[in-house]
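Here is the structure we will look at, set down as structure tokens.
What follows draws every value from the coordinates through simple rules; no lab data is involved. Source: prediction; values computed, not measured. A quick note on method: Cβ atoms are made from the backbone with ideal geometry, for glycine too, and the neighbour counts reach across all protein chains shown.
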Amino acid sequence: MADRKEFTVLHKFGLEVIGPFQTAISKVSNYSGSIRQKYVDLLSVREENEQLRQELLQYRTANIEYREALATNVRLQKLLELKESLPPPTLTAEIVGKDPSLWFRTLTINRGSSDGVQKGMPVVTVEGVVGQILTSSPNYSKVLLATDPNSAVDVITQKTRVHGIVKGLGRDAFGLNYVLKSAVVEKGDFVLTSGLGGVFPKGLMVGSVLEITNSRRGMFQKIEIEPAVDFSQLEHLIIIMKKDSLTED
Amino acid sequence: MFILIFLILGILLLVLQTTFLQLLPVWLGKPDLLFLLIVYIACQAGILRGAFVVILLGLLMDAFSGVFLGLYPVIYLLVFAFIKGISRQIAINEFAYQVPLAVISYILVGIGMFLLSFFLTPDSPPQWSWGIMLLQLIILAVIGTPVFGIFDSIMSFYRSSTASGRFPGTKSSNRFN
């Protein structure tokens, strides 16, 4: 039995011949196994990477939504503060469309006659005067912006208490009309609604004096006003539900 | 069918113009797609059907733009009549003529809008800006060809869907047709 445990010459020869092959093959198989393992790991890393990217995208989207919600919250908070400071009743509205033409400046809002909106009602925002209701259907209304040449608002300068009529210039600027040359108006002075027109309540911000030109001809000054409201950034508006508007037919 | 197709198309373009296209930066102007549709209808459609669609689109435009009701139907009808008048002289339903015709018509619309607004409210005259007008004309010239191409495909679809295959609103020379 003891002799049988010992390799014979043939065994030894077979072992010596096959051994190197075994070594080589096992090295190759180990190497290929490690490559395969690396490849599998790489695949899982890729999947994990893809998953992490998606998670990052979700978090980024959530972050953007959160920021947008925060900004909307701040904006609506300001709007609410303004709404509480205005004479009741008031109504908030959202802009659904803008005038596509070059010649007119109007907006379409999502409040109409079924909400009590009527022609001539003033429309404002946190920054100041926006315009007034031009026409309304049951659920929508058209707002004539204060920058439209057909719009007119009775105003007063804050510092020097000079009265005038602000009219739209068809671009993002107003003209302050009917201010006598003898009246003192300063550049940068704030222009507020006077309350005399019967449309807008007194003290709403309209803009600030941008430029004053005194030509030799005529009895009035030519004054350009920079609007307080950024008309390109409008989103939410407040309608002052005033019934006795002078603009009504 | 013709009236319905172009009315729906006009409504879609109007919605696009009052919402999505308003988000474009100022230097890109306001592409007037509805005006291109008016020009296309004037070039391709017959007088009665074409004029009817143009008036309807003008009334719709009145609801979303401007201060004076009835201004857009009048202006669009004038454009329609102008193009129909020219069509007696040249074959404007050919693609090559439509873009220059749209540009010329737009200048006339601008002048018409300005004069009518001026006469309606002399104390609040509208502002004329050559810079903005030039930008609009360039935009119309650039987008004119692809937009007319889209309108052409819609028109082809309409023609193929009708049995006669004639231009809508025009009478065939074949008296037995």
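Enter the mean number of other protein chain beta carbons within 10 Å of the beta carbon of each residue in B:122-131, as an integer.
Mean inter-chain Cβ contacts per residue within 10 Å come to 4.
Hey, got a sec? Which trypsin sites (Lys or Arg not before Pro) in the stretch B:1-93 land in a DSSP loop and have at most 10 other Cβ atoms within 10 Å?
B:ARG88
Taking the Cα centre of the protein assembly as shown as origin, sum charge times position over the Cβ atoms of Lys and Arg (+1) and Asp and Glu (-1), and report the length of that vector in debye to the nearest 20.
Computed about the Cα centre, the dipole is about 880 debye.
Report the residue, chosen from A:GLY14, A:GLY164, A:GLY131, that carries the largest GNM mean-square fluctuation when chain A is represented by alpha-carbon nodes joined by springs under 10 Å.
Comparing A:GLY14, A:GLY164, A:GLY131 in a Gaussian network model of chain A, the most mobile one is A:GLY14.
Mind checking A:105-112 for the average number of partner chain beta-carbons within 10 Å of each residue's beta-carbon?
Average neighbour count from other chains, rounded to a whole number: 2.
What does the C-alpha gyration tensor say about the overall shape of the protein assembly as shown? Classify as rounded when a/c is under 1.5, otherwise prolate if a/b is larger than b/c, or oblate.
Judged from the Cα gyration tensor, the protein assembly as shown comes out oblate (a/c at least 1.5, b/c at or above a/b).
If each Cα of the stretch A:1-88 is one equal point scatterer, what is log10 of I(q)/I(0) from the Debye formula at q = 0.10, 0.14 Å⁻¹?
Evaluating at q = 0.10, 0.14 Å⁻¹ gives log10 I(q)/I(0) of -0.65, -0.80.
Can you put A:THR61, A:THR125 in order, fewest other beta carbons within 10 Å first?
A:THR61, A:THR125
Could you tell me the center-to-center distance, by alpha carbons, between the stretch B:128-154 and the stretch A:128-191 in angstrom?
Taking the Cα centre of the stretch A:128-191 as reference, the centre of the stretch B:128-154 is 33 Å away.
Order of A:ASP172, B:ASP32 from fewest to most other C-beta atoms within 10 Å?
A:ASP172, B:ASP32
Lys pairs in the stretch A:89-244, Cα-Cα under 21 Å, at least 8 apart or on separate chains: how many?
The number of close lysine pairs in the stretch A:89-244 is 24.
What do you get for Rg/Rh of the stretch A:89-244 when both radii come from the Cα atoms and Rh is the Kirkwood radius?
Result for the stretch A:89-244 is an Rg/Rh of 0.99.
Listing A:PHE21, A:PHE190, B:PHE6 from the residue with the fewest other Cβ atoms within 10 Å to the one with the most, what is the order?
Lowest to highest Cβ neighbour count: A:PHE21, A:PHE190, B:PHE6.
For A:LYS27, go through the aspartates and glutamates and keep the ones whose alpha-carbon is under 16 Å away, minus same-chain ones fewer than eight residues off.
none
Within the stretch A:175-249, list the trypsin sites (Lys or Arg not before Pro) lying in a DSSP loop whose Cβ has at most 13 other Cβ atoms in a 10 Å radius.
A:LYS181, A:LYS187, A:LYS202, A:ARG216, A:ARG217, A:LYS243
Tell me which aspartates and glutamates have Cα within less than 17 Å of B:LYS84's Cα, excluding those fewer than 8 residues away on the same chain?
B:GLU94
What net charge is computed for the residues neighbouring B:ILE139, neighbours being all others with C-beta under 12 Å from the C-beta of B:ILE139, Lys and Arg scored +1, Asp and Glu -1?
Combined, the nearby Lys, Arg, Asp and Glu give 0.
Per 10 Å bin, what percent of the C-alpha pairs of chain B does each bin hold, from zero upward?
Histogram of Cα-Cα distances, whole percents per bin: 9, 36, 38, 13, 3, 1.
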